[in-house]
Amino acid sequence: MAKQDTGRVVVRRKRAYGEGHHGGSWKIAYADFMTAMMAFFLVMWLLLLVPKTELEGIAEYFRTPLITAVTGGPKVDSSRSVIPGGEPSVLPNDHSTPPQSPLSDMDQEDQMDQESLENLKQQLESLIEHNPVLKQFRPQLLLDMTPDGLRIQILDQQNRPMFATGSARVQPYMRDILRELAVPISQLPNSITISGHTDAMQYASGDRSYSNWELSADRANSARRELVAGGLVERKVKRILGLGETVNLIEDDPMAAVNRRISVLVLNRRAERRIDAQNAAGTTGKQVRQLLEELSHPGQTGNGSVASPNASVMPPSGVTGSGTAGLNGGAPSATVAPSAPAEAPGNAATQAGSAPPVENQSSGVPAAAPAPAASN
């Protein structure tokens with residue numbers, strides 16, 4: 001007889017073990033990495049386009065620590081910004097930089113003058129490009145800004161010299177160049193200096209007679225005459241310089257034709273003030289007259305004085321005489337009577353250590369004292 005079933009069913013199933021899903025977090029990290037690399041190469045590309053002068057400011061910005069910007073320090077940004085670290089700041093700052101003082105009137109005038117010279121440079125460049133007379137001489141015209149102002153150089157060429165060989169006679173095309181440049185230069189109130197330059201070719205006599213010094217000065221003066229003829233105001237010329245071959249445009253080739261040139265320098269106000277200070281006597285008119293009086297009367301000291309035998313010099317006060325210096329051998333026609341006795345202290349002749357006049361043995365006329373050197 002079969003065994004009776006109890007009705008309980010047991011089912012055994014095998015579990016399927018597969019690889020579980022691990023998520024997409026690596027994609028997010030990779031995306032961040034690619035974004036950072038793109039930003040890095042973008043910054044590197046932008047830095048290549050920034051001028052070097054601005055790169056220094058950027059480097060200084062990143063060199064300033066954040067703690068300095070927050071708590072203050074010698075490199076703190078003093079600009080007026082709402083960012084902490086600037087001014088005004090919500091945080092106390094013991095090392096705040098004092099605000100920069102505004103430019104003085106002289107600095108503002110110098111800045112405006114510099115802008116005027118740069119505008120003149122652009123105007124001259126445009127004139128050279130569009131003027132039919134100047135355009136054909138473009139390779140011989142150099143314009144550049146110097147610390148003293150705008151410099152205009154007219155160069156010589158081997159097949160087109162500005163002057164006749166060894167002479168200051170201006171060639172016709174050089175005359176046209178100078179007269180075309182005179183009008184725009186006259187528009188500014190700035191003074192100019194004109195310098196002449198030569199090459200190293202020497203005259204047969206060397207520097208003993210007419211040399212490159214005289215030639216360069218004569219050529220600069222000839223250029224001045226042509227500029228004045230073209231409309232330049234005469235009082236704008238401050239200096240005429242003959243520099244010879246001392247300042248070569250091409251230093252390693254002193255015989256090059258471009259070393260023969262004329263330089264017209266439109267001075268800025270700072271250079272004009274420096275030149276005026278160099279040429280000033282440094283003394284007032286009263287001091288200059290007193291100095292000349294002392295040079296004309298070197299023996300005048302104390303209470304007494306000795307008159308100069310020079311006929312062109314009047315006797316000083318306190319000295320009496322019956323006449324001026326005569327023409328016979330330079331001897332005075334009358335003796336000088338001092339206002340004090342010769343033995344009295346303070347007498348000019350005694351203090352100067354000069355001997356009394358010695359009588360000429362042949363004529364019996366007192367010999368004249370040596371005259372002081374005359375100044376031009």
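Side notes on the structure shown:
- Screening the range 150-177 for residues that are in a helix (DSSP H, G or I) and touching a strand residue (DSSP E or B) at 6+ places or on another chain (Cβ under 9 Å) and picking the one that is surrounded by the most Cβ atoms within 10 Å (Cβ to Cβ) gives Ile177.
- Residues (at pLDDT 90 or above and either of a type in the set (A, V, I, L, M) or under 21 Å from Glu272 (Cα atoms) (or both)) located in the range 190-211: Asn190, Ser191, Ile192, Thr193, Ile194, Ser195, Gly196
- Residue check for Glu245: within 21 Å of Leu142 (Cα to Cα) and either outside any strand (DSSP E or B) or in contact (Cβ under 8 Å) with a residue 24 or more places away in the chain (or both): yes
- Scope the range 248-265; condition part of a loop (DSSP other than H, G, I, E, B) and closer than 21 Å to Tyr210 by Cα; matching residues: Asn248, Pro254, Met255, Arg260
- Looking at Leu181, Leu150, Leu124, just one residue is in contact with a Gly (Cβ under 9 Å, 6 or more places away or on another chain) and under 25 Å from Arg239 (Cβ atoms), and that residue is Leu181.
Every residue, every condition in (1) at pLDDT below 90; (2) in a strand (DSSP E or B); (3) of a type in the set (S, T, N, Q); (4) surrounded by 11 or more Cβ atoms within 10 Å (Cβ to Cβ), yes or no:
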position: His95; (1), (2), (3), (4): yes, no, no, yes
position: Pro98; (1), (2), (3), (4): yes, no, no, no
position: Glu118; (1), (2), (3), (4): no, no, no, yes
position: Ser126; (1), (2), (3), (4): no, no, yes, yes
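- Any hit, the range 205-224, residues being part of a helix (DSSP H, G or I) and of a type in the set (Lys, Arg): yes
- Residue pairs meeting the criteria (Cβ under 7 Å; at least 6 apart or on separate chains; first over 22 Å from Arg260 (Cα atoms), in the range 218-236; second basic (Lys, Arg) and in a helix (DSSP H, G or I)): Ala229/Arg179; Gly230/Arg179
- Taken as a whole, the condition of being at pLDDT below 70 and not basic (Lys, Arg) does not apply to Gly7.
- Looking across Arg269, Arg260, Arg208, Arg239, one residue alone is of a type outside the set (Ser, Thr, Tyr) and buried (at least 21 other Cβ atoms within 10 Å of the Cβ). It is Arg260.
- Considering residues of the range 259-279 that are more than 10 Å from the chain's Cα centre (by Cα) and small (Gly, Ala, Ser) only, the residue nearest to Ile152 (Cα to Cα): Ser263
- Some residue of the range 279-289 being at pLDDT 85 or above, surrounded by 12 or more Cβ atoms within 10 Å (Cβ to Cβ) and of a type in the set (A, V, I, L, M, F, W, C): no
- Restricting attention to the range 135-149 and to residues that are more than 18 Å from Arg179 (Cα to Cα) and in contact (Cβ under 8 Å) with a residue 24 or more places away in the chain, the residue that is surrounded by the most Cβ atoms within 10 Å (Cβ to Cβ) turns out to be Gly149.
- Pairs, first closer than 16 Å to Leu215 by Cα in the range 153-176, second outside any helix (DSSP H, G or I) and aromatic (Phe, Trp, Tyr), C-beta under 7 Å, six or more apart: Arg169/Phe163; Val170/Phe163; Gln171/Phe163
- Any chance Leu232 is buried (at least 16 other Cβ atoms within 10 Å of the Cβ), part of a helix (DSSP H, G or I) and in the same structural domain as Ile128 (by TED's automatic domain parsing): no
- Sole residue being farther than 15 Å from Val264 by Cβ, of a type in the set (Asp, Glu) and at pLDDT 90 or above, chosen from Glu214, Glu226: Glu214
- Selection status of Ile194, assigned to a helix (DSSP H, G or I) and either without any contact (Cβ under 8 Å) to a residue 40 or more places away in the chain or hydrophobic (A, V, I, L, M, F, W, C) (or both): no
- Among the residues of the range 144-177, those identified as under 24 Å from the mean Cα position of the chain (by Cα) and either closer than 12 Å to Ile262 by Cα or polar (S, T, N, Q) (or both) are Thr146, Arg151, Ile152, Gln153, Ile154, Leu155.
The values are calculated or read from the model by the stated rules, or taken from the named source; none is laboratory data. These numbers come from a predicted model, not from an experiment. When we count neighbours, we look across all protein chains shown, and the Cβ atoms used for this are built from the backbone with ideal geometry, even at glycine.
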